[in-house]
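Working notes for the structure below.
Read-outs: derived from the displayed coordinates by stated rules, not from any lab. In this text the structure is predicted, and so the values were computed from the model without any measurement. Positions of Cβ are backbone-derived with ideal geometry, glycine not excepted, and every protein chain shown enters the neighbour counts.
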Amino acid sequence: MLAPEKFLSLIMMGLVGFVALCVATFSARYLKGDRKQAAFYLNLTGMVAAVFIMVSADHLLLFLVAWGASNLFLVRLMLHKSCWGAAKASAHLALKNFSLGFFFLGAALLIFYWATGESSLRTLLKSPIETPWLIAGTLFILLAAMTQSSLWPFHSWLISSLNSPTPVSAIMHAGLINGGGILLARFAPLLFQT
């Protein structure tokens with residue numbers, strides 16, 4: 001029988017894979033004749049691979065790197081039409097937002113590592129953490145989730161992303177914006193300790 005966290009990872013990977021397949025299928029028609037179609041698919045594949053690693057990673061550093069990589073691939077997808085000034089501005093705004101989220105997540109993971117000495121997420125989630133460190137780390141987790149999920153006051157990047165090509169908008173709205181939910185699901189045992 002699968003451990004609950006493995007089962008959750010498999011469900012998340014299935015959902016992410018399904019959304020990516022739908023977007024890739026739609027993109028085949030939408031991007032027909034686009035000179036940068038291969039680059040689009042490389043960035044989409046890189047983003048999906050990074051999300052797969054993120055939802056299955058047990059090591060804190062690997063989780064953080066996968067989180068950052070998925071966001072960087074999304075920014076590259078937003079720049080697919082780099083000749084569009086609005087797309088460049090949107091990608092720049094998203095990069096600033098994602099960098100802030102990366103900082104929040106990095107701070108949370110550093111706090112949790114410092115408080116427990118554990119780099120394994122599975123072990124960390126079962127470790128007792130003193131209340132001040134638990135509250136601080138949880139706050140940073142929530143802020144990171146808010147930046148990813150485009151919740152106020154971190155919502156402007158998603159609004160400006162309407163300048164991106166339709167397949168990019170689809171993967172953002174149906175996929176990567178749910179990264180905040182994935183983050184909260186992975187760290188739910190700690191969130192419920194507070």
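May I ask you to list the lysines whose Cα is less than 18 Å away from that of LYS6, ignoring any residue fewer than eight positions away on the same chain? LYS6 reaches LYS126. Over the chain, dividing the summed -39,500 (n - 2.57) contributions of all DSSP H runs of at least 4 residues by the number of residues returns a 222 nm mean residue ellipticity of -25500 deg cm²/dmol. If you plug the beta carbon distance of LYS88 and ALA28 into 1/(1 + (r/R0)^6) with R0 = 22 Å, you get a FRET efficiency near 0.30.
Shown for the range 128-194 is the translational diffusion coefficient from the Stokes-Einstein equation, using the Kirkwood radius over Cα pairs, a temperature of 37 °C and a viscosity of 0.692 mPa s: 252 µm²/s.
Evaluated with a Cβ-only charge set (Lys, Arg +1; Asp, Glu -1), the chain carries a dipole of roughly 700 debye about its Cα centre, given to the nearest 20. Hydrophobic long helices, here whole DSSP H runs in the chain with Kyte-Doolittle means of at least 0.0 and Cα atoms spread over 18 Å or more along the helix axis, are found at 4-30, 37-56, 60-78, 85-116, 131-148. Bridging of LYS88 to lysines at a Cα separation below 28 Å is possible for LYS32, LYS36, LYS96, once same-chain residues fewer than 8 apart are set aside. Of ALA28, ALA87, ALA57, which has the largest mean-square fluctuation in a 10 Å C-alpha GNM of the chain? The residue that fluctuates most here is ALA28.
Here the Gaussian network model covers the chain, with springs between Cα atoms less than 10 Å apart; of PHE102, PHE63, PHE18, PHE18 fluctuates the most.
Within the chain, the longest run free of exposed loop sites, counting trypsin sites (Lys or Arg not before Pro) that sit outside DSSP helix and strand states (H, G, I, E, B) and have at most 13 other Cβ atoms within 10 Å, spans 36-194. Distances between every pair of Cα atoms in the range 83-179, grouped in 5 Å steps from 0 to the bin holding the largest one, split as 2, 14, 20, 19, 13, 11, 9, 7, 4, 1, 0 percent.
Projecting the Cα atoms of LEU183, PRO153, HIS173 onto the charge dipole of the chain, computed from C-beta unit charges around the Cα centre, puts HIS173 farthest toward the positive end. In the range 71-97, which residues have a backbone nitrogen under 13 Å from the label point lying 7 Å from ARG35's Cα in the Cα-to-Cβ direction? Only 81-84 pass the distance filter. The translational diffusion coefficient of the range 4-193, from Stokes-Einstein at 4 °C and 1.567 mPa s with a Kirkwood hydrodynamic radius over alpha carbon pairs, comes to 76 µm²/s.
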